[in-house]
Amino acid sequence: MPHDDITAAAAGTWTLGDRTVHRMGFGSMRLTADADPDRAVTVLRRAVDLGVNHIDTAAFYRSPGGTLGVGTDPARYAPDLIRTALHPYPQDLVIATKVGFACDPAGDLAEALTPADLRRQVEENLRRLGRDHLDVVNLRIVRRPGRDSVAEPFGALAELRDAGLIRHLGLSNVRADHLDEAQAIAPVVCVQNNYAIDNRTDDDLLRLCAERGIAFVPFFALAGPRREAGAATAHTAAVQAVAAAHRVTPHQVRLAWTLHRGPHVLAIPGTGDPEHLVGNVSAGALRFSADELASLG
């Protein structure tokens with residue numbers, strides 16, 4: 001491993017609303033960090049060739065030179081790169097995007113959750129992706145201690161869904177009470193939260209999603225505590241031992257462990273490296289024994 005003959009289908013499938021996707025997907029956040037947009041386009045096309053039909057993105061995934069809503073350089077925005085690489089899109093491709101953040105006057109990202117803000121962000125994603133509707137839109141919030149509400153922004157997205165601009169709705173960076181609140185307004189097909197083998201604070205939420213038939217989509221599954229800095233560089237002895245036994249990398253073990261958390265768990269590892277892409281997709285074929293899963297915790 002990796003093997004070029006292994007495709008994303010090896011990870012199995014899950015249904016997001018009325019759209020069936022392979023559980024091994026692709027996250028586009030890291031694409032704009034690459035100085036070579038042609039390589040990013042190559043990676044996206046290779047991902048689809050390998051059976052990936054679930055791509056995660058956001059209009060605020062941009063290079064340092066890109067400002068949301070400003071500029072036309074497609075190398076600066078992940079949705080533009082996706083459009084350049086894949087439009088016209090394969091019929092089975094599901095593109096999930098996020099809203100909830102926009103650039104402030106200084107060019108930094110800040111929460112933008114008013115109905116007008118969210119409509120602008122949805123329209124931004126539509127324009128950059130070249131779509132007349134969005135497959136999945138996740139409401140991304142800043143999770144704060146104590147009680148806060150997603151009712152108003154989620155309700156605004158539900159209205160855009162009713163208007164035909166959005167097919168399905170999800171949540172990102174939320175708690176169980178947020179999920180309860182959102183489900184009282186409109187169906188929720190996925191929850192996308194920070195979760196990894198070394199970050200399991202949302203175990204209860206993962207189980208709740210399973211009970212309700214909602215996809216749980218971890219981000220930073222490869223990075224863990226390193227978050228935006230990139231893939232984890234430190235691995236436990238158990239991860240290294242399982243990797244050695246299967247002749248794979250510790251990063252592949254991290255991804256496969258994520259998928260083993262339940263049939264409703266979807267992986268969206270991101271990379272700008274074609275070789276790493278093949279390795280990530282190959283991880284979907286890994287199967288661990290009960291003893292190995294116990295050792296991983």
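The values are calculated or read from the model by the stated rules, or taken from the named source; none is laboratory data. Nothing here was measured: the structure is a model prediction, and the numbers come from that model. Glycine gets a Cβ as well: all are built from the backbone with ideal geometry, and neighbour counts include every protein chain shown.
Worth a mention:
- Out of 237, 229, 221, one residue alone is farther than 18 Å from residue 294 by Cβ, surrounded by fewer than 16 Cβ atoms within 10 Å (Cβ to Cβ), of a type outside the set (Phe, Trp, Tyr) and modelled with pLDDT under 95. It is 229.
- Neighbours by Cβ (under 9 Å, 6+ apart or cross-chain): first from the range 264-292, touching a residue at least 60 places away in the same chain (Cβ under 8 Å); second among the aromatic types (Phe, Trp, Tyr) and part of a helix (DSSP H, G or I): 286/257
- Any hit, the range 253-263, residues being modelled with pLDDT of 95 or more, aromatic (Phe, Trp, Tyr) and under 25 Å from residue 46 (Cα atoms): yes
- Neighbours by Cβ (under 6 Å, 6+ apart or cross-chain): first from the range 193-214, crowded, with 19+ Cβ neighbours inside 10 Å; second acidic (Asp, Glu): 193/202; 195/202
- Filter result (hydroxyl-bearing (Ser, Thr, Tyr) and under 17 Å from the mean Cα position of the chain (by Cα)) within the range 257-297: 258, 271
- Here residue 193 meets the list (1) out of contact with any Pro (no Cβ under 7 Å at 6 or more places or on another chain); (2) assigned to a strand (DSSP E or B) almost entirely, failing just condition (1).
- Residue, nearest to residue 59 (Cα to Cα), within the range 120-154, restricted to residues that are in contact with a strand residue (DSSP E or B) (Cβ under 9 Å, 6 or more places away or on another chain) and among the basic types (Lys, Arg): 128
- Whether a residue is assigned to a helix (DSSP H, G or I) and either modelled with pLDDT under 95 or under 17 Å from residue 29 (Cβ atoms) (or both) was assessed, and residue 138 does not pass this test.
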